[in-house]
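The values are calculated or read from the model by the stated rules, or taken from the named source; none is laboratory data. Keep in mind it's a predicted model, so treat the numbers as computed, not measured. No Cβ is skipped: glycine too gets one built from the backbone with ideal geometry, and neighbour counts run over all protein chains shown.
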Amino acid sequence: MAAALFAPLLHNTVSPTMLHASDKVNVIPSEIELGLDGRLLPGFRPEDMTRELRALLGDDFDLEIVLFDPGPAEADMGLFDTLGAVLRELDPQGIAVPLVMSGVTDARFFSRLGIQTYGFIPLKLPEDFNFIRTIHAADERVPVDALDFGAQAIFKAMQRF
């Protein structure tokens, strides 16, 4: 499970998410369009992804970057200690860990305005709960107790400001 969590945090990733070829089952298409969702590590640009794809797949296709949302220039960890303290108050064994997130959030809109955001996700999950497999899956869910813990942590954090 750790490999599934950390692999996209250490490498640029790409996932095929859309495919369009023909509208008829009995027609061989003249072209196929494949939509890819690429995620870049901090410091990488779309051109880096294009280079990686071409190195793996060759040059016999067109590539078009449809959307690129750069992350913040650099992280501001000024509130990290406070968030860690809140976590330890609710769970003395809790350890706050700074993490580069492999997903995209609406925080990018604030980042464009120079507003620092934090992805504080204080969920206390049961050991046998495979959180990684449920993210954006058809059965995406978290246990109610984990949500309650998270709500308490966020409320406590907000009281500090």
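Couple of notes before you dig in:
- Among the residues of region 89-139, just one is of a type in the set (S, T, N, Q), under 21 Å from ALA157 (Cβ atoms) and touching an Asp or Glu at 6+ places or on another chain (Cβ under 8 Å), namely GLN116.
- Region 11-45 - residue that is farther than 17 Å from ILE65 by Cα and of a type in the set (Ser, Thr, Tyr) and, of those, surrounded by the most Cβ atoms within 10 Å (Cβ to Cβ): SER22
- Where a residue in region 90-114 is not assigned by TED's automatic domain parsing to the domain that holds GLY43 and of a type outside the set (S, T, N, Q) and its partner, wherever it lies, is at pLDDT below 80 and assigned to a loop (DSSP other than H, G, I, E, B), with Cβ under 7 Å and at least six apart: VAL104/ASP69; ARG108/ASP69; ARG108/GLY71
- When each of LEU9, LEU5, LEU41 is tested for being part of a loop (DSSP other than H, G, I, E, B) and at pLDDT below 90, the lone residue that passes is LEU41.
- The set of residues from region 46-74 being closer than 30 Å to PHE110 by Cα, small (Gly, Ala, Ser) and either assigned by TED's automatic domain parsing to the domain that holds ARG112 or surrounded by fewer than 11 Cβ atoms within 10 Å (Cβ to Cβ) (or both) comprises just one member, ALA73.
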